[in-house]
Amino acid sequence: MPTGAQVLVACLEQAGVEVVFGLPGVHNLAAWEALRESSIRLVGVRHEQAAVYAADGYARATGRLGVALVTTGPGAANTLGATGEAWASGSPVLVIATDVPTGLRRAGVHRGSLHESTDQAGMFAPVTKARRSGVDALSAAHEALAAPQRPVYLEVATDLLVADAQPPPAVDDVAHAAPVPGDVEAAAALLQAAQRPLVWAGGGALRAGAGAEVAALAEAIGAPVLTTYSARGLVGDHPLAVGLPPHVPEAGRLWDAADVVVAIGSDLDGMMTQNWRMPAPPALVAVNVDPGDAGKNYPADVTVAGDARVATGRLVAAVDGGRAPWVELDALRAAARRRLSAEHPAEMAFLEAFARGAGPEAVVLADMCIPGYWLAGFGAVAAPRRLQYPMGWGTLGYAFPASLGAACAGAGPVVSVSGDGGFLFACGELATVAQEQLPLTAVIVDDGGYGMLRFDQRQSGRETYGVDLHTPDFVALARSFGVRAQAVDGLGDAFAGALAEHVADPAPSVLVASAALEPPPTTSPRWYRSSRA
């Protein structure tokens, strides 16, 4: 009979898992031995948080399950920040952690065995959709992948890994929820009568692979398409894609003028709506696999509950097509970019230089830093899943460790963009990058501290305090790990040329640019909308 560790790994293989990110500990070595004999690639990281970030980066780049395997107690606890980011961003991630042997447990008592917690699974309750125990990773994987996608925590007592175990029963494939026909008809009637419809597409549309359906609906009703951070690139460079965030007045006026908004796979969160300063539209159609999520922030007149791709396809079939757009988007985009270039010339020049250097095929991971804010809101994104941004939870230090997972996905050249502060959260993963020879370029924009917080302090009329950092020689740091590294001044032509060379080289590398940028209008100090009572 197989051991629990062998069953655990066999379940991952049955779920189609190709790579696992993890860190070994005394309690999970049996799983390491089972992975040694499997077809799954094991990527050993230097911190448990990085394991879940990498699993999240892999999941966002591929749409498949990301898996992290860590040890007991503090090893499990170290994953919580990254698990929270995956939860807030709707990523299908499976976090597997061991627990102390069952024979050492006594219900309701902390006895003090190695790595023991009173309630280890309870730590994960706020940041997972489910907590499971045992070695049935197949069911846990399917639960993470089932809509609405979110992380699942699987806890395995150490002694179960070496004990005999029965393989779990087969699990049915994940089904796509179909909408109620009457809801589709009611939504179609609102869209058909609209004079100025607007499509607002979010991460649920991207995770469902609904790009073609969203574009088809927009074409049918002549609607501009606004996308959230999570859905950047959903419809590529389609003529009806606004290509700007609603945080700029030119795009925000589309929301204000619309007589019907159809929100597809979005909960209309605070970061996209400037903390709900945007007024409720005259009519709202919500397409969402989770009806409760659909109307929690703005009341929906009609909710079409179902998978975004299936439900939007039904809407396309239910409306008359061929309506002309009600707004000239080329002129709107040109006017907005002229204004932004006049107000933020260095920042817009950075976006142009980055696009030239990275190229349209790159998978870009933008951290919570000023360059990342500009890329997330205004950078060119040619296709779905080519931009990752932690505006989920807003976790600083996401981009570089998540890029490990994106690099394992083989979806294209991978570029992470971090500030000098955020990169140091996980700089030890340079060892992972070197050992695994992961094909990625880590860009570090060094402005000598936490630039956004420095801006906030200055905006409030205070001297900077606690935000200026002593940082290492990043080039020397990377080279000490055996990773190619280069430094450039500024974010202009020299940066673009160097980035292009790094992206063309499949070996891992670090590119450091010394520069300071001003934050974009997508950050809260620069929101143009007034707070609503």
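Laid out as a table, the results:
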quantity: Any hit, region 281-300, residues being in contact with a Phe, Trp or Tyr (Cβ under 7 Å, 6 or more places away or on another chain) and either among the hydrophobic types (A, V, I, L, M, F, W, C) or assigned to a helix (DSSP H, G or I) (or both); calculated: yes
quantity: Residue match in region 446-454 (condition: more than 17 Å from residue 434 (Cβ to Cβ), exposed (fewer than 14 other Cβ atoms within 10 Å of the Cβ) and modelled with pLDDT under 95); calculated: no
quantity: Filter pass, residue 348 being within 23 Å of residue 245 (Cα to Cα) and touching a Leu at 6+ places or on another chain (Cβ under 7 Å); calculated: yes
quantity: Test for residue 418: is it in contact with an Asp or Glu (Cβ under 6 Å, 6 or more places away or on another chain) and polar (S, T, N, Q); calculated: yes
quantity: Residue identified as closer than 28 Å to residue 284 by Cα and not polar (S, T, N, Q) among 175, 165, 130, 140; calculated: 175
quantity: Residue match in region 75-93 (condition: of a type in the set (A, V, I, L, M), surrounded by fewer than 20 Cβ atoms within 10 Å (Cβ to Cβ) and either over 20 Å from the mean Cα position of the chain (by Cα) or farther than 23 Å from residue 388 by Cβ (or both)); calculated: yes
quantity: Residue in region 115-154 that is surrounded by the most Cβ atoms within 10 Å (Cβ to Cβ), counting only those that are within 27 Å of residue 104 (Cα to Cα) and among the charged types (D, E, K, R); calculated: 136
quantity: Filter result for the condition that a residue is touching a strand residue (DSSP E or B) at 6+ places or on another chain (Cβ under 8 Å) and β-branched (Val, Ile, Thr), over 304, 316, 310; calculated: 304
quantity: Subset of region 257-301 [surrounded by fewer than 18 Cβ atoms within 10 Å (Cβ to Cβ), at pLDDT 95 or above and farther than 23 Å from residue 531 by Cα]; calculated: 301
quantity: Region 460-482, residues that are of a type in the set (A, V, I, L, M) and either in a helix (DSSP H, G or I) or more than 17 Å from residue 445 (Cα to Cα) (or both); calculated: 475, 476, 477, 478
quantity: Qualifying positions in region 1-48 - of a type in the set (Ser, Thr, Tyr) and either buried (at least 24 other Cβ atoms within 10 Å of the Cβ) or not in a loop (DSSP other than H, G, I, E, B) (or both); calculated: 3
quantity: Selection status of residue 51, part of a helix (DSSP H, G or I), crowded, with 24+ Cβ neighbours inside 10 Å, free of Cβ contacts under 8 Å to residues at least 40 places away in the same chain and not assigned by TED's automatic domain parsing to the domain that holds residue 394; calculated: yes
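Residue-by-condition table, conditions (1) buried (at least 19 other Cβ atoms within 10 Å of the Cβ); (2) among the β-branched types (Val, Ile, Thr); (3) within 30 Å of residue 41 (Cα to Cα); (4) modelled with pLDDT of 95 or more:
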position: 438; (1), (2), (3), (4): yes, no, yes, yes
position: 456; (1), (2), (3), (4): no, no, no, no
position: 462; (1), (2), (3), (4): no, no, no, no
position: 494; (1), (2), (3), (4): no, no, no, yes
position: 497; (1), (2), (3), (4): no, no, no, yes
position: 521; (1), (2), (3), (4): yes, no, no, yes
position: 526; (1), (2), (3), (4): no, no, no, no
position: 531; (1), (2), (3), (4): no, no, no, no
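Residue by residue, here is whether (1) touching a Cys at 6+ places or on another chain (Cβ under 9 Å); (2) of a type outside the set (A, V, I, L, M); (3) in a helix (DSSP H, G or I) holds:
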position: 382; (1), (2), (3): no, no, no
position: 393; (1), (2), (3): no, yes, no
position: 400; (1), (2), (3): yes, yes, yes
position: 403; (1), (2), (3): no, yes, yes
position: 406; (1), (2), (3): no, no, yes
position: 416; (1), (2), (3): no, yes, no
position: 427; (1), (2), (3): no, yes, yes
position: 430; (1), (2), (3): no, no, yes
position: 443; (1), (2), (3): no, no, no
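Conditions tested, residue by residue: (1) assigned by TED's automatic domain parsing to the domain that holds residue 61; (2) part of a loop (DSSP other than H, G, I, E, B); (3) aromatic (Phe, Trp, Tyr); (4) more than 19 Å from residue 521 (Cα to Cα).
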{"site": "192", "(1), (2), (3), (4)": "no, no, no, yes"}
{"site": "199", "(1), (2), (3), (4)": "no, no, no, yes"}
{"site": "206", "(1), (2), (3), (4)": "no, no, no, yes"}
{"site": "209", "(1), (2), (3), (4)": "no, yes, no, yes"}
{"site": "268", "(1), (2), (3), (4)": "no, yes, no, no"}
{"site": "278", "(1), (2), (3), (4)": "no, yes, no, no"}
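The values are calculated or read from the model by the stated rules, or taken from the named source; none is laboratory data. Treat the numbers as computed from the prediction; the structure is a model and nothing was measured. Cβ: placed from backbone, ideal geometry, glycine included. Neighbour counts: every protein chain shown.
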